[in-house]
1. Work out how much length GLU147 to ARG118 would gain on full extension: take 0.36 nm times their residue separation and subtract the Cα-Cα distance, in nm to one decimal.
2. For SER239, SER120, which order do you get if you count the other beta carbons within 10 Å of each Cβ and list the fewest first?
3. Among GLY164, PRO40, ALA93, whose Cα lies farthest out toward the positive end of the dipole of the range 29-280, if unit charges sit on the beta carbon of Lys, Arg (+1) and Asp, Glu (-1)?
4. Among the complete DSSP H segments of the chain, which ones combine at least 27 Å of alpha-carbon extent along their axis with a mean Kyte-Doolittle hydropathy of -0.5 or more?
5. Just to be sure I follow: if Rg is taken over the C-alpha atoms of the range 296-374 and Rh is the Kirkwood radius over the same atoms, what is Rg/Rh?
6. For the chain, what is the convex hull volume of the alpha-carbon atoms per residue, in Å³?
7. Between ARG351 and SER377, what length comes free when the chain is fully extended (0.36 nm per residue of separation minus the Cα-Cα distance, one decimal in nm)?
8. What relative contact order, as a whole-number percentage, does the range 34-161 give when Cα pairs under 8 Å and 6 or more residues apart are counted?
Amino acid sequence: METGRIERRRWVSADGGRSAEIDVFVPARIAHRSVAAADPKAEAAAERALHSLRGVRGLEPLAAVMLRSEGIASSRIEGEVASTRRVFEADYAPDTVVDRQAQPIVNSIRVMSDAVHRVSRGLNPRDLDQWHTLLFQGIQNRFDPGELRSNQNWIGTRTDTPVGADFIPPPEMVEEAIKDLTGFAERVDVAPVTQSAVVHAQFETIHPYPDGNGRIGRALVYRSWAYRGLTGAINPPISRILVENRSAYIDGLTAYRDGDVDMWLDFFFEVVQSAVLYTHELGRRLEALTQEWLGRLTGIHEDALARKLVADLSGQPILSAADVAEPYGVTERGARAALDVLVERGILTFRPLRRAKRGRPTKVYEATELFALLDRSPKDLA
């Protein structure tokens with residue numbers, strides 16, 4: 001499969017003060033290209049792994065947790081780092097918590113959520129623009145979110161010149177390349193895992209936005225899986241694996257651009273299987289933690305609200321009395337009493353939200369042991 005070609009172009013700085021000859025990569029059109037993995041067994045193994053997450057009892061509470069985990073790790077690849085607790089708090093109370101470090105990660109989580117739930121129709125270039133707008137919502141930038149770039153950009157350590165950059169995408173034809181990409185993403189004659197890998201690599205090669213390309217490109221993987229029916233509620237967080245194998249990830253994307261599509265696909269298939277294994281293991285650890293919590297509730301009636309809350313904590317680790325009252329059909333006073341029992345037994349912590357706006361910070365109940373578990377790396381859990 002041809003992936004593109006190198007062309008020599010002349011670059012001129014925005015102020016016209018500098019210029020240089022640079023090698024840019026012009027991606028090939030792929031909307032109608034034949035694509036097949038050289039190792040169909042590895043491809044099939046990755047697909048089976050994804051299917052293994054469907055209908056597994058006990059994994060349902062992981063749906064929201066996995067999306068958040070992917071958003072956190074995807075942002076970490078780009079240098080945006082915050083603890084799981086900070087991100088969950090900023091996502092839980094966006095009108096109360098002001099956390100500039102966590103906000104971009106929360107935005108990434110919301111992009112992920114939209115990507116996996118908006119699959120009832122074909123992928124449109126406008127969808128990508130909307131994700132880009134959402135990704136930078138509430139964040140000051142030097143560019144207009146949701147607008148394809150009109151200037152040359154590049155990947156490298158220097159921001160003032162593309163000379164010596166690691167990769168230089170095409171300076172023009174961005175809109176046409178994105179339309180071609182979305183055309184490929186709608187095909188159903190390509191093996192779905194391979195399709196998602198190529199969609200991601202091609203998007204990163206086009207590099208259509210001034211910033212945020214990596215996070216949107218990884219969201220496209222999940223959109224592709226959902227569109228082709230590979231995943232249901234549970235989406236394994238591939239970025240948890242990629243962040244620990246960043247050099248290999250970059251090498252794989254570089255191999256794709258160099259025409260070695262199979263090297264990229266082999267790496268991607270391995271990442272998928274590792275992410276699925278991590279998801280299963282995390283599910284086991286969450287179940288073990290839930291059982292440990294239930295073991296702390298000795299003397300508490302089997303039908304007590306406190307026990308019901310423990311069973312649901314993995315899906316909602318931050319709670320207030322108001323969050324509990326309506327869905328469980330109790331008064332806020334009754335909800336608070338049950339939550340206080342969990343505090344007494346060391347299951348929840350009653351604490352103020354960090355980085356709250358001016359005034360007295362809101363206090364909530366948090367499952368801090370769950371946050372600690374989610375902060376552990378896949379290698380640490382293995």
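Since every read-out is calculated from the coordinates, none of them should be taken as a lab result. Worth saying up front: this structure is predicted, and the values here are computed from it rather than measured. Positions of Cβ are backbone-derived with ideal geometry, glycine not excepted, and every protein chain shown enters the neighbour counts.
1. Contour length minus Cα-Cα distance gives 8.4 nm.
2. Working: SER239 27, SER120 6.
Starting with the residue having the fewest Cβ neighbours, the order is SER120, SER239.
3. Of the listed residues, the answer is ALA93.
4. Working: long enough: 261-295 (51 Å, 0.21).
Qualifying helices: 261-295.
5. That ratio is 0.97, to two decimals.
6. Considering the Cα atoms of the chain, their hull volume per residue is 142 Å³.
7. Once the chain is fully extended between ARG351 and SER377, it gains 6.8 nm.
8. Details: 72 pairs, mean separation 22.8, N = 128.
That works out to 18 percent.
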